[in-house]
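The values are calculated or read from the model by the stated rules, or taken from the named source; none is laboratory data. Computed from a predicted model, the values in this text were never measured in an experiment. When we count neighbours, we look across all protein chains shown, and the Cβ atoms used for this are built from the backbone with ideal geometry, even at glycine. Quick note on the areas: whole protein, heavy atoms, side chains included, nothing else; ligands and nucleic acids left out. Shrake-Rupley method; radii C 1.70, N 1.55, O 1.52, S 1.80 Å.
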Amino acid sequence: MSAPGSKPVKSAENWAAPLETLAGRRLALVVSGGVAAYKAAELARLLVRSGAQVRAVLTANAARFVTPLTFESLTGQPACLDMWVRPQYDIEHIALADWAEALIAAPATANFLAKMAHGLADDFASTFLLAFGGPVLAAPAMNSRMLAAQATKANLESLAGRGVELIASRTGLLACGTVGDGRLADPETIALAAARALGPGDFSGRRLVVSAGSTREPWDDIRFMANRSSGRMGLDLALAAWLRGAEVQVAAGPAVAAPPPLPGLTFQTAESTRDMLELISALDYDTLIMAAAPADFRPAERVVGKIKKGASMPRLALAANPDILNSLPRAGGRLYVGFAAEEADLVERARGKLRDKDLDLVAANRVGGPDGAFASAENRLWLVYRDGRTEEIGPRPKFAAAWSLLTAVKSLAPKGA
Ligand code: CTP
């Protein structure tokens with residue numbers, strides 16, 4: 001169902017607001033000795049840029065790949081290396097275990113994972129790990145055969161069983177020259193996982209579907225009809241719900257930028273409104289948030305090939321698309337949240353859509369004009385609840401508006417639950 005040839009641009013800027021939920025949080029970054037250690041420096045930079053305080057702990061082998069000074073320069077904090085050299089700073093493993101709110105082991109080598117799994121404590125990093133009682137995340141990185149080894153698999157299983165959040169490695173070209181599984185996860189993925197581990201968790205156990213962006217209705221092989229919705233609001237809602245602990249499935253229009261791969265968040269694209277209806281119909285959820293702007297009309301005839309400029313003007317006849325919210329059979333215990341894209345009379349029209357589409361909550365936003373919601377960084381929402389209550393959110397950055405909208409969703413009890 002993915003749109004062929006549509007490769008949305010991935011931009012770190014897109015994840016800046018979700019990552020800012022890490023602002024002020026205290027993170028220990030444990031780096032063990034593999035080639036991917038240099039990427040831990042990039043991760044440290046991203047975490048610091050997000051406003052977190054970061055203290056790096058390097059194993060002796062990690063320090064062969066990248067120096068403590070690199071981390072000290074990036075984090076502005078002392079980096080810990082050796083148990084036996086008294087640091088000029090007053091840090092030892094127990095004090096660090098008290099200070100840190102979460103521990104990220106990235107990269108976690110096969111050897112370090114084995115030490116974690118078996119509770120070995122023979123250097124600063126492993127001693128600190130054993131003394132630490134908060135959430136632990138580990139991002140493995142190693143040669144694919146080492147990753148597939150029975151011993152490594154058993155260690156990973158044991159760690160997962162103990163509640164360690166494992167951030168899966170990726171498949172690609174490895175430092176040893178082979179292609180396989182074992183590349184360190186992206187820094188964005190690791191940082192977002194840390195933000196989720198430290199998040200409020202008030203959506204844990206919930207399963208959300210969030211739609212995002214404009215669909216495309218093909219006219220010929222080259223041309224399509226679409227609208228200006230960027231999908232930003234839907235993606236921010238998806239990321240905010242995920243950061244609050246939900247399992248999230250995103251159903252996006254073809255031009256929406258895919259989020260980094262995250263455990264518990266899936267991202268699928270649908271080309272047309274009918275594709276999006278088919279996609280959402282097949283998903284299971286307790287809450288549906290329709291933030292997408294599916295095209296209401298499509299060219300009645302889909303022309304094969306390219307319509308050429310000729311002597312006569314081509315005629316474009318339109319056909320009506322299904323309304324996704326109206327086409328989905330209502331299931332008891334589920335929440336249905338819609339948007340209303342309006343130019344005027346926002347609250348009144350949102351009330352009409354809530355009634356006509358049998359919704360629990362509608363978020364109206366203004367479209368068109370210089371301060372329109374589509375493709376803008378900020379949003380202002382007028383909420384209309386099923387019981388007639390109204391509430392106003394913003395204007396504020398879309399991620400903050402999404403966070404507030406989710407707080408409103410959380411206050412709702414599903415009909416018939
Ligand atoms: N929606 C839908 N299927 C469509 C069009 C819209 O499910 N074919 C959903 C949107 O995702 C949104 C809500 O319906 O949650 C309202 O969409 P909006 O564009 O504001 O209104 P429409 O229902 O399309 O009506 P109109 O364009 O006349 O305002």
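Only one of the numbered conditions (1) crowded, with 17+ Cβ neighbours inside 10 Å; (2) within 13 Å of the ligand (Cβ to nearest atom); (3) within 25 Å of Leu239 (Cα to Cα) is violated by Ala401, and that is (2). With respect to the conditions (1) exposed (fewer than 14 other Cβ atoms within 10 Å of the Cβ); (2) modelled with pLDDT of 95 or more, Leu335 falls short on a single one, namely (1).
Taking the conditions exactly as written (among the hydrophobic types (A, V, I, L, M, F, W, C), under 25 Å from the mean Cα position of the chain (by Cα) and part of a loop (DSSP other than H, G, I, E, B)), does Leu412 satisfy them or not?
yes
Hey, among the residues in region 132-171 that are part of a strand (DSSP E or B) and at pLDDT 95 or above, which one's farthest from Leu198 (Cα to Cα)? I'd like the intermediate steps shown before the answer.
Within region 132-171, the first condition is being part of a strand (DSSP E or B), and the residues that meet it are 136-140, 165-166, 170-171.
Now narrow it down to the ones that are at pLDDT 95 or above: 136-140, 165-166.
Numbers: Val136: 10, Leu137: 11, Ala138: 15, Ala139: 17, Pro140: 20, Glu165: 12, Leu166: 15 Å.
It comes out as Pro140.
Out of everything in region 362-377 that is of a type in the set (A, V, I, L, M) and under 18 Å from Ala400 (Cβ atoms), what residue ends up being farthest from the ligand (Cβ to nearest atom)? Within region 362-377, the match that is farthest from the ligand (Cβ to nearest atom) is Ala377.
From the list Ala341, Ala350, which one is modelled with pLDDT under 95, in contact with a strand residue (DSSP E or B) (Cβ under 8 Å, 6 or more places away or on another chain) and buried (at least 17 other Cβ atoms within 10 Å of the Cβ)? Break it down into steps so the answer makes sense when it comes.
On the way: Ala350 fails: modelled with pLDDT under 95.
Among Ala341, Ala350, only Ala341 is modelled with pLDDT under 95, in contact with a strand residue (DSSP E or B) (Cβ under 8 Å, 6 or more places away or on another chain) and buried (at least 17 other Cβ atoms within 10 Å of the Cβ).
Restricting attention to region 369-396, which residues are open to solvent by 70 Å² or more (accessible area, probe 1.4 Å) and modelled with pLDDT of 90 or more? Scanning region 369-396 gives Arg380, Arg386, Asp387, Arg389, Thr390, Glu391, Glu392, Pro395, Arg396.
Quick test for you: out of Thr215, Thr266, pick the one residue that is among the hydroxyl-bearing types (Ser, Thr, Tyr) and free of Cβ contacts under 8 Å to residues at least 40 places away in the same chain.
Working: Thr215 fails: free of Cβ contacts under 8 Å to residues at least 40 places away in the same chain.
Going through Thr215, Thr266 in turn, the sole match is Thr266.
Listed by position, the strands (runs of 3 or more DSSP E) inside region 310-376 whose residues that are in contact with a helix residue (DSSP H, G or I) (Cβ under 8 Å, 6 or more places away or on another chain) number at least 2 are 335-342, 361-366.
Please state which one of Leu58, Leu113, Leu103 is touching a residue at least 60 places away in the same chain (Cβ under 8 Å) and under 16 Å from Val164 (Cβ atoms).
On the way: Leu58 fails: under 16 Å from Val164 (Cβ atoms); Leu113 fails: touching a residue at least 60 places away in the same chain (Cβ under 8 Å).
Going through Leu58, Leu113, Leu103 in turn, just one is touching a residue at least 60 places away in the same chain (Cβ under 8 Å) and under 16 Å from Val164 (Cβ atoms): Leu103.
If I ask for residues that are at pLDDT 95 or above, outside any helix (DSSP H, G or I) and open to solvent by 40 Å² or more (accessible area, probe 1.4 Å), which ones from region 12-36 would you list? Ala23, Gly24, Arg25, Arg26, listed by residue number.
Take the residues in region 306-335 that are among the aliphatic types (A, V, I, L, M) and farther than 25 Å from Ala226 by Cα; name whichever of them is nearest to the ligand (Cβ to nearest atom). Explain how you work it out, then say what you get.
Our first condition is that a residue be among the aliphatic types (A, V, I, L, M); within region 306-335, this holds for 307, 311, 313, 316-320, 324-325, 328, 331, 335.
Narrowing further to those that are farther than 25 Å from Ala226 by Cα: 311, 331, 335.
On the way: Ala311: 36, Ala331: 16, Leu335: 13 Å.
Out of the qualifying residues, it is Leu335.
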